[in-house]
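Contents: one structure, followed by commentary.
The values are calculated or read from the model by the stated rules, or taken from the named source; none is laboratory data. Model, not experiment: these values are computed from the prediction. Virtual Cβ from ideal backbone geometry, glycine too; neighbours counted across all protein chains shown.
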Amino acid sequence: PRHRLDWMNKPKTYKKYDNPISKIKLPDPEFKKGIDFWKVILNRQSIRKYDKGPLSKEELSLLLFGMTGLTRAFPQFAFRTTPSAGGLYPIETYSVINEVDGIKKGIYHYNIPEHSIECLKEGDFRKETSEGCLGQAMAYNSAVNFIWTAIIERSQWKYLQRCYRYIYLDCGHIGQNFYLIAEALGLGACTIGAIFDDELNNLLDIDGIKETAIYVGVVGKRFNTN
């Protein structure tokens, strides 16, 4: 149905935590030169086994920026590395960090405008994350698990009941960028749609109504068969 947009009450397109345990500024993204785009496209695949070893802060920075980072910002709106229906950007990114150089294990939220991660919980959450992904081993053995959530009202403000269509499309754009960045960095990556929503929502301390987990991406050092 047609409706008038209430511009005075347009939802914010960013989430920030006021009192995180800590906040870590990520390195500015540095892009490798000479990457063959079509080679990345052709070689992209889902990889479910990972070698032990940490990701670097630089790799984490590139993954987060490439999935949903700011490319151009203006007073009233901004462009990101992925498209979003209506420019509403309902997707938030959380990182369950298991092995990243110089960063403690824990659950972090990506602060997009500041290109930083906010620590929400410290500790080893591999077991809980894996259980939230139907017990899949790759979510236990990865260096980082990205949990993507949707803040429903951001899209609902404009699209009403059709918002659910666009939310999943938006998350799919992010998932594809995730795959391509991981391939360009020589990492192994896989996305997971088979999740227990409530378990992951509880892990992130979100209500599952206004904000809910919808998709997971796992990444680690590419498994060496030699």
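Here is a check on your reading of the model: is residue 58 in a loop (DSSP other than H, G, I, E, B), closer than 16 Å to residue 25 by Cβ and not β-branched (Val, Ile, Thr)? No. Taking region 113-226 and the strands (runs of 3 or more DSSP E) fully enclosed by it, the elements with 2 or more residues that are under 25 Å from residue 37 (Cα atoms) are at 144-151, 187-192, 211-222. Of all the criteria given as (1) within 30 Å of residue 138 (Cβ to Cβ); (2) among the aliphatic types (A, V, I, L, M); (3) in contact with a helix residue (DSSP H, G or I) (Cβ under 7 Å, 6 or more places away or on another chain), the one not satisfied by residue 5 is (1).
Applying the set (1) without any contact (Cβ under 8 Å) to a residue 40 or more places away in the chain; (2) over 26 Å from residue 47 (Cβ atoms) to residue 120 leaves exactly one unmet item: (1).
Against the definition (more than 20 Å from the chain's Cα centre (by Cα) and touching a residue at least 12 places away in the same chain (Cβ under 8 Å)), how does residue 24 come out, yes or no? So residue 24 fails the test.
Of the numbered conditions (1) within 30 Å of residue 162 (Cα to Cα); (2) part of a loop (DSSP other than H, G, I, E, B), residue 72 satisfies every one except a single condition; which is it? All conditions are met except number (2).
Look at residue 31 and say whether it is aromatic (Phe, Trp, Tyr), at pLDDT below 90 and in contact with a Gly (Cβ under 8 Å, 6 or more places away or on another chain). So residue 31 fails the test.
Residue 208 meets the conditions (1) closer than 26 Å to residue 17 by Cα; (2) crowded, with 20+ Cβ neighbours inside 10 Å; (3) among the small types (Gly, Ala, Ser) in every case but one. The failed one is (2). For the criterion of being in a helix (DSSP H, G or I) and small (Gly, Ala, Ser), residue 95 fails.
Can you say whether residue 82 is hydroxyl-bearing (Ser, Thr, Tyr), surrounded by 15 or more Cβ atoms within 10 Å (Cβ to Cβ), touching a residue at least 40 places away in the same chain (Cβ under 8 Å) and part of a strand (DSSP E or B), as far as the supplied structure shows?
no
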